Amino acid sequence: MLAVILREFRLILHRPALLGLVIVLPVVMLITLTGIFRAGIPTGMAVVVVDLDRSDLSRSITRMLDAAPEITVHEQALSLSDARAQIVAGDARGAVYLPQGLERDIIRGARPEIVIFYDNQHMSAGSMVARGARGAIDTALAGLRLSIRQTQGEAPVQAMVSIQPIPLQAHALFNPTFDYVHFLLAALVPTVLQIIAAAATAYAISLDFGPGRHPQVLARMAGGVLPAMLGKILPYTLIFLLILGMSDIALYGWQGVPLRGSLMLMATGAVLFVLGVQLIGAAAFVLTRDMGRAASIIAVITAPAFGFMGLGFPREAMSQLAQAWGALIPGTWYVQLRIDQSLRETPLDISVWAVVWLGCIVLALGALVLLRLVRLRREIEAKA
């Protein structure tokens, strides 16, 4: 088997397509994703202000909006139709409508209506605009109401109690800064890597076990079909684990994502994750013996996998079929393990179940590939 492993490393160096798929593409993917999310927190979402009041208060609100880190005032429009046109054209992500008589009505004790419009088709940008605009407006109005009550003779403490009779504290757990490095980058690298690893494994196996090839030569070299298959797979296991390790160094070192859990548990999960993904590629090819159909199966399983992981949409809110499908994908459990052991500091007796599920997936896929290899060995012995 060692001879097959060394032969496989030489094959990678002499096959440009294999070299690109196994090394160049993952490294480019890692650099690209790290570059995209390097900022961590999106800032400066453009908004349009429709100021019909033209008062000191409306100008103060506009300055507060422009000072909010999430948003920046792109332009002051003359009407809502102008603001809508800029949102539709993509020049702005939202608009803030300040009605005429805003300052006058607030001083009189009335409740004028300030309206925030935002593009929620792009949910991340839209929610960021809404949160930033709401915070800026609340801050500006709270300051005005406080000064009004103080001029009416209320003590500062009593005025504050009148504005907010019940203090409310909200604490965002595990990712309080809403950093996209913590939220997306930790999941996107394994998600993309599992597509590449499955496809690369299937392609590598097709070079020796595909139609017109001579797997009996490799089987004789390794001392059997099973050692030959292991010799084909293991070099790519080492390479993809190395790439995953590089991504972790970038994530937990350079990007500063906290690592609070067990390194041993994460390493065990990483090995099982890579093996599970590789076995998806191996099973797809040995069952079809055709690279085109194997690639189609791999794409169907791995390409939409991110949607089933529960990051963008919670898994418990999915249908039973969607939850079951997500449970069969190695990336679902590995991403959960990474988040649990890096950000949440989840106890080991809870996180270990993700490793158990990964182990079950590896055993099931390994048994499927092994059964197919037994049949293939019989075919080779019959030809011999």
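The values are calculated or read from the model by the stated rules, or taken from the named source; none is laboratory data. All figures in this text were calculated on a predicted structure; none of them were measured in a lab. Here Cβ is always computed from backbone atoms with ideal geometry, including for glycine, and neighbour counts include all displayed protein chains. Side chains are part of the model used for accessible areas, which takes the heavy atoms of the whole protein and leaves out ligands, DNA and RNA. Shrake-Rupley method; radii C 1.70, N 1.55, O 1.52, S 1.80 Å.
Structure above, values below:
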| read-out | value |
| --- | --- |
| Where Val49 falls short, out of the listed (1) closer than 18 Å to Tyr97 by Cβ; (2) not assigned by TED's automatic domain parsing to the domain that holds Arg134 | (2) |
| Filter result (closer than 17 Å to Tyr97 by Cβ and touching a residue at least 24 places away in the same chain (Cβ under 8 Å)) within the range 119-134 | Asp119, Gly126, Val129, Ala130, Gly132, Ala133 |
| Tally, over the range 296-311, of residues that are open to solvent by 30 Å² or more (accessible area, probe 1.4 Å) and either touching a Pro at 6+ places or on another chain (Cβ under 8 Å) or small (Gly, Ala, Ser) (or both) | 4 |
| Where a residue in the range 229-251 is at pLDDT 90 or above and its partner, wherever it lies, is buried (at least 20 other Cβ atoms within 10 Å of the Cβ) and outside any helix (DSSP H, G or I), with Cβ under 6 Å and at least six apart | none |
| Test for Leu207: is it among the hydrophobic types (A, V, I, L, M, F, W, C) and more than 22 Å from Cys360 (Cα to Cα) | yes |
| Residue match in the range 143-157 (condition: closer than 29 Å to Thr43 by Cβ and either modelled with pLDDT of 90 or more or open to solvent by 60 Å² or more (accessible area, probe 1.4 Å) (or both)) | yes |
| Any pair with Cβ under 8 angstrom, 6 or more apart, that starts in the range 54-75 at a residue that is in the same structural domain as Gly90 (by TED's automatic domain parsing) and ends at one that is of a type in the set (Lys, Arg) and open to solvent by 20 Å² or more (accessible area, probe 1.4 Å) | Ser55/Arg104; Glu70/Arg131; Ile71/Arg93 |
| Residues of the range 214-241 satisfying the condition of being over 16 Å from Leu370 (Cα atoms) and in contact with a Ser or Thr (Cβ under 8 Å, 6 or more places away or on another chain) | Tyr236 |
| Yes/no for Trp333 being surrounded by 21 or more Cβ atoms within 10 Å (Cβ to Cβ) and either part of a helix (DSSP H, G or I) or more than 21 Å from the chain's Cα centre (by Cα) (or both) | yes |
| Test for Leu19: is it closer than 30 Å to Gly245 by Cα and in contact with a Ser or Thr (Cβ under 6 Å, 6 or more places away or on another chain) | no |
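This table checks each residue for (1) among the β-branched types (Val, Ile, Thr); (2) in the same structural domain as Gln255 (by TED's automatic domain parsing); (3) under 20 Å from Leu376 (Cβ atoms).
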{"position": "Leu168", "(1), (2), (3)": "no, no, no"}
{"position": "Leu173", "(1), (2), (3)": "no, no, no"}
{"position": "Val192", "(1), (2), (3)": "yes, yes, no"}
{"position": "Ala197", "(1), (2), (3)": "no, yes, no"}
